[in-house]
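Step one of this worksheet: look at the structure below.
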Amino acid sequence: MVDNHGGNDLLDTTDCLEAVGVFKGWKNFLFLIVLLCLVLLQLSFHLADRGYIKIEGQLYGNEPAVGPNAPAEPGTSTIDSGPVEPAEPVEIDEPAEPSEPEEPGESAEPNEPAEPNELGRSSSALQWTEPRIRSTAPKTQYASQWIPKEYLSKITFKQLTWVIRFVNAVLILSTTLYCLTLLFSLKVSMNGRLGGINHITRAFFLSLLMLVLLLPWQKVFGSVITGVIFTPEELVKWYSSKTEDILDMTLYYLRFSGYGVLMLFLLILSQLRGIRWAKAILRRLEII
């Protein structure tokens, strides 16, 4: 009877280990999907916020184009920035009176030429600064834009709207499945007495908190409580009401960017706890 009971325990442990292997694979797969969706959601926000994709036909924070390719305003010239003023009539100077002859001991002082050393230093300085300006100008221009706008000029806000809605749907489903996978892993660990209950429990509650923060509570409670995911209409509303006030800018970026960073932090913590849970199981079974 004792031997038979020990064989059943070994069989149950083996079955639990097989279930743990399945849940572990799905947990890692869902983690990658949630991570990819969070990155795409943040990328969509920054593309719209930085003006790469137009919202309501205008770009926030961009000044009118200035340069040789910019259209000139009426009444202005293409060379100078100000209006062209009529040239003043040139006054003709009267012939100067003949100067008195100088004394023999004094001679007129002509303009003294610059010393050869000074001319050499100035020419060498110009030769050194011109290539440096030419080499740093394109770098400064490209550094101000982390993505060239030419690559994203064909993307419209309507297409971005479909991307945001698709990412929101996938994000909710994958996060829910991720949380359920951790719940089933917790039950298997408790029933099979595999160990690592501390880590898997913490991972489950972190994923549960992540799911609660993710859901669009603003659809139910209005602006009182908001979720991590946002709709295109909400993005347009916040974008159009954005001002230069420090408080408004802080709330704006905390809503669309800081909330997503918090979600990403919880996701990574939950995944790390899941990795520790798997290692604790192998250590308890004396496999490693």
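The values are calculated or read from the model by the stated rules, or taken from the named source; none is laboratory data. Keep in mind it's a predicted model, so treat the numbers as computed, not measured. Note: ideal-geometry Cβ built from the backbone for every residue, glycine included; neighbour counts use all protein chains shown.
Only residues that are of a type in the set (A, V, I, L, M, F, W, C), crowded, with 19+ Cβ neighbours inside 10 Å and farther than 30 Å from G195 by Cβ were counted across segment 225-274, and they come to 5.
Against the numbered list (1) surrounded by 19 or more Cβ atoms within 10 Å (Cβ to Cβ); (2) more than 25 Å from the chain's Cα centre (by Cα), M210 comes up short only at (2). In this structure, V220 does not satisfy being in a helix (DSSP H, G or I) and at pLDDT 90 or above. Scan segment 153-196 for residues that are surrounded by 12 or more Cβ atoms within 10 Å (Cβ to Cβ) and modelled with pLDDT under 80 and the total you get is 1.
Out of L214, L235, L262, I need the residue that is touching a strand residue (DSSP E or B) at 6+ places or on another chain (Cβ under 9 Å) and either in contact (Cβ under 8 Å) with a residue 24 or more places away in the chain or farther than 27 Å from R50 by Cα (or both). Which one?
Details: L214 fails: touching a strand residue (DSSP E or B) at 6+ places or on another chain (Cβ under 9 Å); L262 fails: touching a strand residue (DSSP E or B) at 6+ places or on another chain (Cβ under 9 Å).
Sole residue among the options that is touching a strand residue (DSSP E or B) at 6+ places or on another chain (Cβ under 9 Å) and either in contact (Cβ under 8 Å) with a residue 24 or more places away in the chain or farther than 27 Å from R50 by Cα (or both): L235.
Evaluate the following for L251: is it part of a helix (DSSP H, G or I), hydrophobic (A, V, I, L, M, F, W, C) and either touching a residue at least 40 places away in the same chain (Cβ under 8 Å) or in contact with a His (Cβ under 6 Å, 6 or more places away or on another chain) (or both)? Here the answer is no, as L251 does not meet what is asked. Of all the residues in segment 179-217, those that are in a helix (DSSP H, G or I) and farther than 20 Å from V167 by Cβ number 25.
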